[in-house]
Ligand code: TEU
Ligand code: CA
């Protein structure tokens, strides 16, 4: 899997537009705000932007409930703003990935309105209707079925009640989606992140899920649809009809898919997806996002070592810790944040020197942490309210609130912290959601400080560009059985780099000699005979 491709060399940056930059003072981020910040992304060394959905939407799930695929959400601007954003990115040598949400549409989409108004018409079979629900539950709490009075039937919604699952069995659905994708690709978009794309093929008869698995996972039915019978056919068809003709890049969001299945979806010869996101590393085994616990980075080491050895030789791995659906990694690992900046640099070293394509989530590069929400009123996320209700019924208000505080997606969705100005320079209006710790964490202060986390990310990104061994080179993990030590070589025929990490918040004895050669980057000034808390260094030990 060492064929050259821009998306194997690129460092990606995910923008959650609602929280990135507001240009018109309504407290909501928008496209013109993003356009004004592209220089910031260039300075960081970003090659490609993954933009969360900007299509017309009632915002029940902040844009992941699409009402019109060919219209820009009015809060974000108009199509001319989008066209300017795209040409401004291209002018700077950057690429744009759109978010393709086609497992479901908003219930306000004309297809759904038609399916309800005229069940025998062209759109009557665009969604999944049944005369009675099965036991599948929604990710946002409650049943996955909504009763539609006009049809005297239930409609399937794996997510919110306003996000209705499309019927991919229907060839007209697939054709309309191909048309829409080509419409965006004709505009010059460089590719897509495909939202929960592994859920699109549901098994015949929609059999009940196992109650035992449901109890274990917290969601009932997922084992029936997370890798459905026609998933590969649909992906191959969509690639042939829409992506391939434009050479578009695709990365699938594939929750629950493991190494072997991910190979089926992303091996080059399969002609399905170019890459995929696996989420198994985001929580330690036995924990859910809504558990209050301290994340152990040794779990990340074993997850990523297995992927490096069993997956990376065949497919391109995606490397990420954060996105708009997960709490901030620094908060998960180090809770009280005493070692916040050192830990932030450790995470940066691993993400930018392991073998794969890095995806940095907005604010990760300045070490943003979870927001200490004080009450349910401060949350905005439909999932947080749904899960709070679910937890409250079983565990009471107090415990339910603490679990939402730990796992809410809103932890990642507070506004980007640009400066010490009011609202972190995000808006001159009232922000749609509360702001974070701008006094101690903002881009402006860090860009002016060569020892800041932001500068460390910028330096590592440029080291990655200067050393092809970090992109295409082989990886060899050493000390695999040593707790808290994570060391690996990256090598190609002209250079060898050695990366050495202490995954614990305590100092530990180094195993093996102090590395030789040049130290390219580190979160401590001088190297030492022991490894200090969260110490991480990048050495070049051979260069021809
Ligand atoms: O997220 C999908 C997603 O997170 C679930 O499939 C996940 O497995 C579940 O929450 C259990 O952890 C995507 C988007 O990233 C998210 O923002 C949307 O809310 C969701 O799909 C629906 O479009
Ligand atoms: Ca705005």
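Odds and ends about this structure:
- Efficiency of FRET from Cβ geometry, residue 374 and residue 87, R₀ 41 Å, rounded to 0.05: 0.45
- Shown for 339, 531: other C-beta atoms within 10 Å of each C-beta, ranked fewest to most, produce the order 339, 531.
- Contact order relative to length of the range 470-542, as percent, for alpha carbon pairs under 8 angstrom and 6 or more apart: 30
- Computed on the chain, with alpha-carbon pairs under 8 angstrom and 6+ residues apart, the relative contact order is 13 percent.
- For the range 57-155: rounded, prolate or oblate by the Cα gyration tensor [a/c cutoff 1.5]: prolate
- Taking Cα atoms only, the orientation of helix 382-407 departs from the longest principal axis of the chain by about 90 degrees.
- Cα-based convex hull volume of the chain per residue, rounded to whole Å³: 146
- All C-alpha pair distances within the range 470-542, sorted into 5 Å bins from zero, spread as 4, 17, 28, 26, 16, 8, 1, 0 percent across the bins.
- Förster radius 56 Å - calculated FRET efficiency between residue 187 and residue 528 (Cβ-Cβ, nearest 0.05): 0.60
- Inter-centroid distance (Cα atoms) of the range 89-148 relative to the range 206-252, Å: 15
- For the range 339-392 versus the range 273-288, the gap between their alpha-carbon centres in whole angstrom: 15
- Hypothetical label at residue 246: residues of the range 162-204 whose amide nitrogen lies under 12 Å (7 Å Cα-Cβ projection): 178-193
- Here the gap between residue 455 and residue 9, fully extended at 0.36 nm per residue and compared with their Cα-Cα distance, gives a gain of 158.5 nm.
- Paramagnetic reach from residue 216 in the range 269-292 [backbone N under 13 Å; point 7 Å along Cα→Cβ]: 286-287
- Modelled this way, with points 7 Å down the Cα-to-C-beta line, the labels at residue 71 and residue 310 are 4.7 nm from one another.
- Cα long-axis angle, helix 297-310 against the chain (0 to 90 degrees, to the nearest 10): 80
No value in this document is a laboratory result; all are computed from the given coordinates. From a predicted model like this one, the values you see are computed outputs, not experimental measurements. Every residue, glycine among them, receives a Cβ derived from its backbone with ideal geometry; neighbour counts consider all protein chains shown.
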